[in-house]
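I have placed the structure first, in the form of structure tokens, so that the comments after it can refer back to it.
The values are calculated or read from the model by the stated rules, or taken from the named source; none is laboratory data. On a predicted model such as this, the values are computed, not experimentally measured, just so you know. We place every Cβ from the backbone using ideal geometry, glycine too, and count neighbours over all the protein chains shown. Just so you know, the surface numbers come from the protein's heavy atoms only, side chains and all, with ligands and any DNA or RNA stripped out. Shrake-Rupley method; radii C 1.70, N 1.55, O 1.52, S 1.80 Å.
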Amino acid sequence: MEIKKAMALAIEEAKKTMNDDIGGPFGAAILSPEGKIVAVASNAVLDSHDPTAHAEINVIRKATKLIQNHDLSGYTLITTAYPCPMCLGAIMWANIKEVYYGCNLEDAASIGFRDDLMYQIIHDIDQHKDILSLKSSERDTCIKLFEEYHEKNKTMY
């Protein structure tokens with residue numbers, strides 16, 4: 001079964017980079033619609049000093065570059081942990097509809113990762129202005145940019 005093989009490769013990649021202090025215990029793989037492994041990647045936050053260098057983001061970037069397409073409709077993502085909100089957003093933007101994950105939010109929280117807290121904050125964003133305050137600014141100016149994009153019939157993704 002390719003899902004089991006893909007998870008084993010994701011775990012192997014995560015172990016390697018985790019032990020080299022490149023990132024946390026997170027790995028991911030993407031399968032083509034035919035079930036073939038397209039890409040495998042891991043977390044690289046520590047090495048790159050990039051808080052967005054999560055395994056899911058890295059594997060999406062790798063896969064889309066390989067296939068030369070930003071749309072991963074029909075592809076499947078396999079990951080060692082339930083995706084954080086950022087990764088879940090990237091998965092949705094990539095049009096991936098099927099995700100297999102290993103550890104859950106509680107497992108990640110038990111070793112100190114904050115994914116579960118982030119989901120709680122998103123759920124009650126107005127109650128957490130001490131952590132994140134979202135404020136509208138210059139909408140009248142920015143809306144012109146959006147209108148121009150729409151008027152020029154630019155690609156929607």
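Summary table below
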| quantity | calculated |
| --- | --- |
| Count of the range 1-30 residues which are acidic (D, E) and surrounded by 21 or more Cβ atoms within 10 Å (Cβ to Cβ) | 1 |
| In the range 139-155, the residues that are in a helix (DSSP H, G or I) and among the β-branched types (V, I, T) | T141, I143 |
| Flag if A53 is open to solvent by less than 70 Å² (accessible area, probe 1.4 Å), assigned to a helix (DSSP H, G or I) and small (G, A, S) | no |
| Scope the range 69-104; condition closer than 15 Å to G27 by Cα and crowded, with 19+ Cβ neighbours inside 10 Å; matching residues | T76, L77, I78, T79, T80, A81, Y82, P83, C84, C87, I91 |
| The listed residue being out of contact with any Pro (no Cβ under 9 Å at 6 or more places or on another chain), outside any loop (DSSP other than H, G, I, E, B) and exposed (fewer than 13 other Cβ atoms within 10 Å of the Cβ), out of L117, L66, L132 | L66 |
| Residues that are touching a residue at least 40 places away in the same chain (Cβ under 8 Å) and in a helix (DSSP H, G or I), drawn from the range 69-103 | W93 |
| A108 vs. criteria of a type in the set (A, V, I, L, M, F, W, C) and closer than 28 Å to L132 by Cα | yes |
| Evaluation of I125 against (1) under 30 Å from A6 (Cα atoms); (2) open to solvent by less than 70 Å² (accessible area, probe 1.4 Å) (one fails), failing number | (1) |
| Verdict on S136 being of a type in the set (S, T, Y), at pLDDT 85 or above and more than 20 Å from the chain's Cα centre (by Cα) | no |
